[in-house]
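I have placed the structure first, in the form of structure tokens, so that the comments after it can refer back to it.
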Amino acid sequence: MAKGRVRLFPERCKACGLCIEFCPKDVLGFDEETINMLGYHPIKDLKPESCTGCAICAVVCPDLVIEVERV
Ligand code: SF4
Ligand code: SF4
């Protein structure tokens, strides 16, 4: 199984939820303990060990919050 790693820029996240909805491995979720400069609970990698590096999350994010690295 391919492995990947997400690099997040949570200050840009507008919490639209698209990346959460489209991630096939349920890696991503909202960080309920943080509020970013835009006033949202930003994205967080809740299950980084499950990431396959498919990069769907990075493609669907409208705000360039996510970069994906294959490892
Ligand atoms: S690269 Fe794929 S598996 Fe990893 S967090 Fe993004 S959508 Fe999920
Ligand atoms: S798609 Fe982008 S802006 Fe929307 S919740 Fe995910 S990281 Fe945040």
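The values are calculated or read from the model by the stated rules, or taken from the named source; none is laboratory data. Because the structure is predicted, anything quoted here is derived from the model rather than measured. FYI the Cβ positions are ideal-geometry reconstructions off the backbone, even for glycines, and counts take in every protein chain you see.
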Task: Asp63 vs. criteria among the acidic types (Asp, Glu), at pLDDT 95 or above and under 10 Å from the mean Cα position of the chain (by Cα) - done: no
Task: The one condition in (1) in a loop (DSSP other than H, G, I, E, B); (2) within 14 Å of ligand 1 (Cβ to nearest atom); (3) at negative phi; (4) of a type in the set (Asp, Glu) that Glu32 fails to fulfil - done: (2)
- [ ] Scan the range 1-31 residue by residue and report those that are in contact with a strand residue (DSSP E or B) (Cβ under 9 Å, 6 or more places away or on another chain) and farther than 21 Å from Cys54 by Cβ.
- [x] Ala15, Asp31
Task: So Glu49, is it more than 8 Å from ligand 2 (Cβ to nearest atom), among the charged types (D, E, K, R) and part of a helix (DSSP H, G or I) - done: yes
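Quick grid of which residues meet (1) surrounded by fewer than 18 Cβ atoms within 10 Å (Cβ to Cβ); (2) of a type in the set (Asp, Glu):
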residue	(1), (2)
Asp26	yes, yes
Asp31	no, yes
Ile35	yes, no
Cys54	yes, no
Val60	yes, no
Open item on the list: Can you go through Cys13, Cys54, Cys61 and tell me which one is within 9 Å of ligand 1 (Cβ to nearest atom), in contact (Cβ under 8 Å) with a residue 24 or more places away in the chain and at negative phi?
Closed with: Cys54
Task: Checking Ile66 against (1) out of contact with any Lys or Arg (no Cβ under 6 Å at 6 or more places or on another chain); (2) exposed (fewer than 13 other Cβ atoms within 10 Å of the Cβ), the condition it does not meet - done: (2)
